[in-house]
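Please read the structure below before turning to the comments.
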Amino acid sequence: MLSRECGIISVMLNFEIHSEEGGARTGLLRMSRGNVHTPAFMPVGTNATVKAMTPEELMDMGAEIILGNTYHLSLRPGIEVIRAAGGLHRFMNWDRPILTDSGGFQVYSLSALRRIEPHGVHFKSHVDGSMHFIGPDEAMEIQSALGSDIAMVFDDCTPYPAEFEYALNSLQLTLAWARRCRELQKEDQALFGIVQGSAYKELRTMSIGGLLDIGFDGYAVGGLSVGEPKEVMHEMIRFVGPLLPRDKPRYLMGIGDLMDVLVAVDSGFDMFDCVMPTRNARNGTLFTSLGRVSIKRTEYKADARPLDPECGCYTCRHYSRAYLRHMFLTKEILSMRLNTFHNLFFYMTFFRNMREAIGRGEFQAFKKKREAMIGTEELQE
Ligand SMILES: [Zn+2]
């Protein structure tokens, strides 16, 4: 109800919950470009491509939504290029939903230099060292030109650790920027608010209250996985999740370690993105039902078995561990393709199995089993 108080309400996005088990839930995000089953994993397409994959391959493995990066795309190729191409969907040949981040996190994590002002941030490009400025106005304009289905508010990612006073000021800046982004929201684009507040429960609560006063189509949690201990991250996830509105999608930004995902889904989160499956694939680290595999290891030199005997992906159906190791060591392009295909397929399958488990009321059993599996795989590394 609160969301109707501030101007237009987006007609782009409709969210319905299908089943609940404790805090965990399954649902459906309906958007004009397609539906997204939740909990959902969003492969990351930083430079207008999910690295090494074609859109058709992503669709075949069940990807229903991907993430694009405002920061990267505005620096390269530049927003005018994408505008002239008719938007990001056309530019990259992906006609399903896209969520764009606002650039707030990238300015924080990638820029060698940043100076925060009331209307935005001056930062140095990680590409060529040139100076740029981005604030709520710029972030909304860029995301509008990209034509994403879901835009994110421009936020100030609070570093960890942060003094209470610093975290409070940072969160107030994020709230002011969130209000400005909401004013600039276009009718054809959904907009999510971002909860900040570092590791202070009081500030997280304040942040949520401020965002609810403004009203958004969905709520994201930022400022986690920025160097805090895992226990702190999990404590914040468990604390914040249940405080977010039940009837809106909840998005945990940038966290994709499956152990963390299980905690978050248990706490009611619906959407995830992470470079883990794609980046690890290119580095030769593969996720399997038997644990984590570092494909370069000598023990796989003449191993004729498939990477994961339980996996039905293209890579596992056609190639041996010995072949994957050989491709990796000789730095063949195919290595990145086959490894990425497998890792993303593994993630999409994990999320589908998790949704089915919640639907059957068996999420806790699923979680326990997966935690035991993930626990042992760390030891093999
Ligand atoms: Zn596979």
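The values are calculated or read from the model by the stated rules, or taken from the named source; none is laboratory data. Nothing here was measured: the structure is a model prediction, and the numbers come from that model. Positions of Cβ are generated from backbone atoms using ideal geometry, with glycine treated the same way; all protein chains shown enter the neighbour counts. Just the protein is used for accessible areas: all its heavy atoms, side chains included, with ligands, DNA and RNA removed. Shrake-Rupley method; radii C 1.70, N 1.55, O 1.52, S 1.80 Å.
Residues that are over 26 Å from Val44 (Cα atoms) and of a type outside the set (Phe, Trp, Tyr): does the range 285-298 have at least one? There is at least one residue in the range 285-298 that is over 26 Å from Val44 (Cα atoms) and of a type outside the set (Phe, Trp, Tyr). Quick check: anything in the range 256-267 under 28 Å from the mean Cα position of the chain (by Cα), within 16 Å of the ligand (Cβ to nearest atom) and surrounded by fewer than 19 Cβ atoms within 10 Å (Cβ to Cβ)? Looking through the range 256-267, none of the residues is under 28 Å from the mean Cα position of the chain (by Cα), within 16 Å of the ligand (Cβ to nearest atom) and surrounded by fewer than 19 Cβ atoms within 10 Å (Cβ to Cβ).
Taking the range 283-294 as the range and being touching a strand residue (DSSP E or B) at 6+ places or on another chain (Cβ under 7 Å) and more than 10 Å from the ligand (Cβ to nearest atom) as the test, the residues that pass are Gly284, Thr285, Arg292, Val293, Ser294.
All conditions but one from (1) free of Cβ contacts under 8 Å to residues at least 12 places away in the same chain; (2) assigned to a helix (DSSP H, G or I); (3) of a type in the set (D, E, K, R) apply to Glu371; the one that does not is (1). Of all residues in the range 218-244, those that are part of a loop (DSSP other than H, G, I, E, B) and open to solvent by 30 Å² or more (accessible area, probe 1.4 Å) total 3. The residues of the range 294-307 that are farther than 18 Å from Thr330 by Cβ and aliphatic (A, V, I, L, M) amount to a single one, Ala304. Residues of the range 170-184 that are farther than 13 Å from Gly210 by Cα and under 21 Å from the mean Cα position of the chain (by Cα): Cys181 alone. Pairs meeting the criteria (first residue in the range 271-289 and over 23 Å from Leu329 (Cβ atoms) and at pLDDT below 95, second residue among the acidic types (Asp, Glu) and within 14 Å of the ligand (Cβ to nearest atom), beta carbons under 6 Å, at least 6 apart or on different chains) are Ser289/Asp308; Ser289/Glu310. Of the strands (runs of 3 or more DSSP E) contained entirely in the range 121-217, those carrying at least 3 residues that are surrounded by 16 or more Cβ atoms within 10 Å (Cβ to Cβ) fall at 150-152, 190-195. Quick one: is Glu332 surrounded by fewer than 14 Cβ atoms within 10 Å (Cβ to Cβ), closer than 29 Å to Leu67 by Cα and within 14 Å of the ligand (Cβ to nearest atom)? When the stated conditions are applied, Glu332 does not pass them. Residue pairs whose Cβ atoms lie under 7 Å apart, sitting 6 or more positions apart in sequence or on different chains, and linking a residue in the range 339-355 that is under 13 Å from Gly312 (Cβ atoms) to a partner that is of a type in the set (Asp, Glu) and more than 11 Å from the ligand (Cβ to nearest atom), are Phe341/Glu57.
Let's see how each residue does on (1) within 15 Å of the ligand (Cβ to nearest atom); (2) open to solvent by 40 Å² or more (accessible area, probe 1.4 Å):
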{"residue": "Val275", "(1), (2)": "no, yes"}
{"residue": "Lys296", "(1), (2)": "no, yes"}
{"residue": "Leu307", "(1), (2)": "yes, no"}
{"residue": "Tyr319", "(1), (2)": "yes, yes"}
{"residue": "Met336", "(1), (2)": "yes, yes"}
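For Arg246, are the conditions met, namely being basic (Lys, Arg) and within 14 Å of the ligand (Cβ to nearest atom)? Here the answer is no, as Arg246 does not meet what is asked. Filter the range 338-359 for residues that are surrounded by 16 or more Cβ atoms within 10 Å (Cβ to Cβ) and among the polar types (S, T, N, Q); which is farthest from Leu262 (Cα to Cα)? Step by step, filter the range 338-359, then rank; the result is Asn339.
Looking across Phe351, Phe366, Phe341, Phe346, one residue alone is in a helix (DSSP H, G or I) and either farther than 30 Å from Met152 by Cα or small (Gly, Ala, Ser) (or both). It is Phe366. Residues in the range 82-118 that are surrounded by fewer than 13 Cβ atoms within 10 Å (Cβ to Cβ) and either on the phi < 0 side of the Ramachandran plot or basic (Lys, Arg) (or both): Ala84, Arg90, Asp95, Ala112, Leu113, Arg115, Glu117, Pro118. Output the qualifying pairs, or none if there are none: Cβ atoms under 8 angstrom, residues six or more apart or on different chains, first residue in the range 229-245 and within 12 Å of Ile208 (Cα to Cα), second residue of a type outside the set (Phe, Trp, Tyr) and surrounded by fewer than 21 Cβ atoms within 10 Å (Cβ to Cβ). Short answer, once both residue conditions are applied: Phe239/Lys201; Val240/Ile208; Gly241/Gly23; Pro242/Gly23; Leu243/Thr205; Leu243/Ile208; Leu244/Ile208; Pro245/Leu212. Residues of the range 360-378 being touching a strand residue (DSSP E or B) at 6+ places or on another chain (Cβ under 6 Å), modelled with pLDDT of 95 or more and surrounded by 14 or more Cβ atoms within 10 Å (Cβ to Cβ), which ones? Answer for the range 360-378, where residues must be touching a strand residue (DSSP E or B) at 6+ places or on another chain (Cβ under 6 Å), modelled with pLDDT of 95 or more and surrounded by 14 or more Cβ atoms within 10 Å (Cβ to Cβ): just Phe363.
In the range 1-116, counting only strands (runs of 3 or more DSSP E) that sit wholly within it, the ones holding 1 or more residues that are over 19 Å from Gln189 (Cβ atoms) and over 19 Å from the mean Cα position of the chain (by Cα) span 13-21.
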